[in-house]
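Everything on this sheet refers to the single structure shown next.
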Amino acid sequence: MKTNKIFLILAAVCVLGLSSCREQFAEENMSPTAVTNPDPSYMLTRCELLFEFNDYTYWFYNQALYNRWAQMGCSGAYTEESFAVGTAVNWQTNYITMLNYRNDIDNYIEAYEHPEMKAYSAMCGTLAAFQAIYCSDIMGDIQYSEACKYKFGGTLTPAYDSVEDLYNYIIDDLDAYIATFQDPSQVMVAKQDLIYGGDLAKWAKFANTIKLKVAVRLYLNNPDKAKQIAAAVVGSPAGYINSLEDALIYHKADSDTGGDLAYQTGNSLSGWMGGSSANVINYMKAAKDPRVRFFYTKNSYNSKIVQCFIDNDMYDNLPGYIKDNIVLDGDGNFKEWAGDGEPWVRYFGQPIVFRSSPEYNALVGEYYDYADRYTVKVEDATKSYGMYSSFQEEMVRGRVDFSLPTVPGGPVISDNEDVPWWGMYLGAGETNLYLAEMAQLGASLPNSAEAYYNRGVELSVKEWDYIAGKNKIPYYGQAWVDGHKYADDEVSIELKDGEIATMLATDAVKFEGSNSDKMEKIYLQQLMNFSIMPNDMFVTARRSGYPKIGSKLLPFVKFNEVELAGIPRRFEFANPLITDVMHDIRLENLQKQGFTPGTSQSGMGHTSSTVLNTERLWQDKNAPQWGSAQ
């Protein structure tokens, strides 16, 4: 018996020893990339790296539709023969990722009793709230309050929150996050915060400012509450984004070790971003708006290209709107630019016309005849030249190569530098233009609508000038590329002294006239600020009814071929898959919102454009029809 007891004890010791050895060896042999007990600061960094809703698919698919529906741009070579296209590819659901990180950090804080780390959770939650607004802009009702909680005892089938409830949840969450940011007990590893470097005061301003995005979306359904939110934002001790230094201008990395984090996307967007609108560019030029140079490209017609057309007896081939800005000398050669001169004479948009209309057919030769009218052959060299401006791709992604337009057989002057991307997410220009809107609508705010408006315009121009410089777009800061100045009269495009004052004094921008005149100018300046922020641009056009039919500033074109009610105001919703555990909940929510799902499970292009106009999201129900602002 004694022998057996000793044997059992020894056996137990051996088992414990083996177990201990296994644990020791497991720790020693663990991959350094495996994290079993993640630090909240690292989780925050990963969350911020994944914070994105302007990726390649968004630009490749959605933004072209946004621009076409709101007439803030063209599809490229025309408008469209039909608007029965409306499926979003990227549904802006990145907020789910942000919620997951917030909840994981909360769980860590509770498990390890580290309440001083709550700011990390609040940062992820603030990013989630910001992106949830964008998702709801397209989806309407979304899963938010119950989402991403299954592994912590929540449900695997979270309910959909109505848009109205979502806005309430977001405001409440943001208030809680602001309180956390203002808590002096919070500790931060500043370098782990890629956005604000651990500056909790700036995070508080960011969170407080997000509420204005809710307010302007809520106004049409609950104007009193919207105005109350705006007043609370301005009166909050947290402050709000009111300077370039406080703006959320995000630069993720200086280089990539893999993927496209530093450059936004490596995929070319040339041709997919669509063409510019002549109405928009004409309005910006009438307003002497420097942002036209940051958002759009110069066309190909520098003075040497014009002279090349003259030398090859092709001067008459030039578009009339280009010839109108050329002064010839006595021998018929290029002398100088007329009108506003360089760089303004290099920016022209495409007309907003329906492809099958007589107007389109009459303009084909003027705008789209690259193969003949705008192709020049000199000896064995041939080149074609673009006569209108495109969206400036280098403001959207960092990996873009650019070559100066030169004559056939001329030098190749290129800029092939990959520039890490800087992007605007929420700026002081946007903030002040929202406050101008709310003040003009009657909100009790400390400053006048005009004061907010003027500051909004000024800061918007300065912010986009700053980003254009950081992204090193063509012609910024110098009128040459790679040390070469091809045309002697070429002018650089950065913001010049006195330009903002000149802009604010133009009839197109000056804050004067009737209430309707002032509201139009506020909304148009919001639209200009959002020129390369298509989601915000689309939402602003949809809720405001601007651009407006018959406007003397920026008119909306009413097509003969399609009714206004035939232009979509939302994307399609596919039938939920029968195998989806959320099938019944998703279908019930679509029915609750009054939406007809697509006739296929893919949902691609099966819902009529009229349905996509009349079956509206909650926040869009009381909005004016396209182009029909009051």
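General remarks:
- Within the same chain, lysines fewer than 8 places from Lys552 are excluded, and of the rest, those with a Cα less than 29 Å from its Cα are Lys213, Lys285, Lys288, Lys298, Lys323, Lys462, Lys496, Lys510, Lys518, Lys521, Lys621.
- Surface exposure of segment 318-432, expressed per residue as accessible area with a 1.4 Å probe, stands at 41 Å².
- Relative to one another, the C-alpha centroids of segment 125-193 and segment 347-392 are positioned 48 Å apart.
- Axis of helix 40-50 versus longest Cα principal axis of the chain: the two differ by about 30°, to the nearest ten degrees.
- Proximal charge balance of Asn317 [Cβ under 12 Å; K/R count +1, D/E count -1]: -3
- Reachable lysines from Lys118, criterion Cα separation under 19 angstrom, eight or more residues apart if same chain: Lys149, Lys191, Lys202, Lys205
- Cα shape, segment 164-306, gyration tensor, a/c 1.5 rule: oblate
- Per residue accessible area in Å² of segment 173-261, where ligands, DNA and RNA are left out and the probe is 1.4 Å: 40 Å²
- Accessible surface of segment 525-611, 1.4 Å probe, proportion on carbon and sulfur as whole %: 55 percent
- Between the beta carbons of Gln625 and Ala111, assuming R0 = 56 Å, the FRET efficiency works out to 0.60 to the nearest 0.05.
- DSSP beta bridge pairing in segment 261-405, given as percent antiparallel to the nearest 5: 90 percent
- Volume of the Cα convex hull of the chain, divided per residue and given in Å³: 200 Å³
- Residue by residue, segment 56-70 carries 3J(HN,Hα) couplings of 4, 5, 4, 6, 5, 10, 5, 4, 5, 6, 3, 5, 5, 5, 8 Hz when phi is fed to the Karplus relation 6.51 cos²θ - 1.76 cosθ + 1.60 (θ = phi - 60°); x denotes Gly or Pro.
- Segment 222-312, accessible surface, carbon-and-sulfur percent (1.4 angstrom probe): 46 percent
- Formal net charge of residues neighbouring Pro555 (Cβ-Cβ distance under 12 Å; K, R +1; D, E -1): +2
- Coordinate range along principal axes, alpha carbons of segment 297-405, Å, largest first: 41, 39, 36
- Seen against the Cα atoms of the chain and their longest principal axis, helix 449-470 is set at about 90 degrees.
- Accessible surface calculations at 1.4 Å, restricted to protein heavy atoms, place segment 481-630 at 43 Å² per residue.
- Protein accessible area in segment 317-395, 1.4 Å probe - carbon and sulfur %: 42 percent
The values are calculated or read from the model by the stated rules, or taken from the named source; none is laboratory data. Keep in mind that this is a model prediction, so the values were computed, not measured. FYI the Cβ positions are ideal-geometry reconstructions off the backbone, even for glycines, and counts take in every protein chain you see. Calculation scope for accessible area: heavy atoms of the full protein, side chains included, ligands and nucleic acids excluded. Shrake-Rupley method; radii C 1.70, N 1.55, O 1.52, S 1.80 Å.
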